[in-house]
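Notes follow once the structure below has been shown.
The values are calculated or read from the model by the stated rules, or taken from the named source; none is laboratory data. Worth saying up front: this structure is predicted, and the values here are computed from it rather than measured. Cβ sites come from the backbone with ideal geometry, for glycine too, and all protein chains shown count toward neighbours.
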Amino acid sequence: MGNYNDMNANKKYRVLFVCLGNICRSPAAQGVFEHIVRENGMSDRIEVDSAGTYGGHRGELPDRRMRTAAMYRGFSLTHRSRQVSGLDFLDFDMIVAMDDQNYEDLMHMAPSVEATHKVKRMAEFLKLNRMSYVPDPYYMGMDGFGLVLDLLEDGCRNLYEMIVKAEF
């Protein structure tokens, strides 16, 4: 019989990024994080997805402006919007909220106290810019999309390093 480490050798660590509509911040975080994971050869060990607390954009691609800003930085955003579900708390190892409202919504959705421990704020992983949340760029103009990508590149790098150190 294999030991504990052998049984978990094929298990992927799963991260879910969450914002309101799943059309700007969380799909951008997914794209940035996937890029980092792929660059480091960890695609077979780490899986990434994104979702929104609001389901009104279900099935849509990320906002065109976010796709454009991300493309200029070498990130491809092809995710289709979906709403967070209760099953996500079972399926994912970590759920990362972009702002305090998303965090609170996720904490209320969590099916158990244990599940709440999976919910983190993206701001916890920011080192270069000490903001307390990742702002929604939807009404901020193109500079807002650049700011969000700056924050996500910093936060996703730090999150990746923390996961690799803790899990692998």
* Structure fact -> Taking the stretch 48-74 and keeping residues acidic (Asp, Glu) and surrounded by fewer than 17 Cβ atoms within 10 Å (Cβ to Cβ) leaves Glu60
* To do: Inspect the stretch 77-92 for any residue being in contact with a Ser or Thr (Cβ under 8 Å, 6 or more places away or on another chain) and closer than 19 Å to Ser43 by Cα and give the result as yes or no.
  => yes
* To do: Check Phe145 against each of (1) of a type in the set (Phe, Trp, Tyr); (2) touching a residue at least 60 places away in the same chain (Cβ under 8 Å); (3) touching a strand residue (DSSP E or B) at 6+ places or on another chain (Cβ under 7 Å) and name the one condition it does not meet.
  => (3)
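Residue by residue, here is whether (1) touching a Cys at 6+ places or on another chain (Cβ under 9 Å); (2) among the aliphatic types (A, V, I, L, M); (3) more than 16 Å from Val148 (Cα to Cα) holds:
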site	(1), (2), (3)
Ser50	yes, no, no
Leu77	no, yes, no
Ser81	no, no, yes
Gln101	no, no, yes
Glu104	no, no, yes
Arg121	no, no, no
* Every pair of residues 6+ apart whose Cβ atoms lie under 7 Å, when the first sits in the stretch 13-25 and is surrounded by 24 or more Cβ atoms within 10 Å (Cβ to Cβ) and among the aromatic types (Phe, Trp, Tyr) while the second is modelled with pLDDT of 95 or more and in a strand (DSSP E or B) -> Phe17/Ser50; Phe17/Val96
* Determine the pairs where a residue that is closer than 11 Å to Val18 by Cβ, located within the stretch 91-116, has a partner that is assigned to a helix (DSSP H, G or I) and small (Gly, Ala, Ser) with Cβ atoms under 8 Å apart, the partner being 6 or more residues away or on another chain. => Val96/Ala29; Met98/Ser26; Met98/Ala29
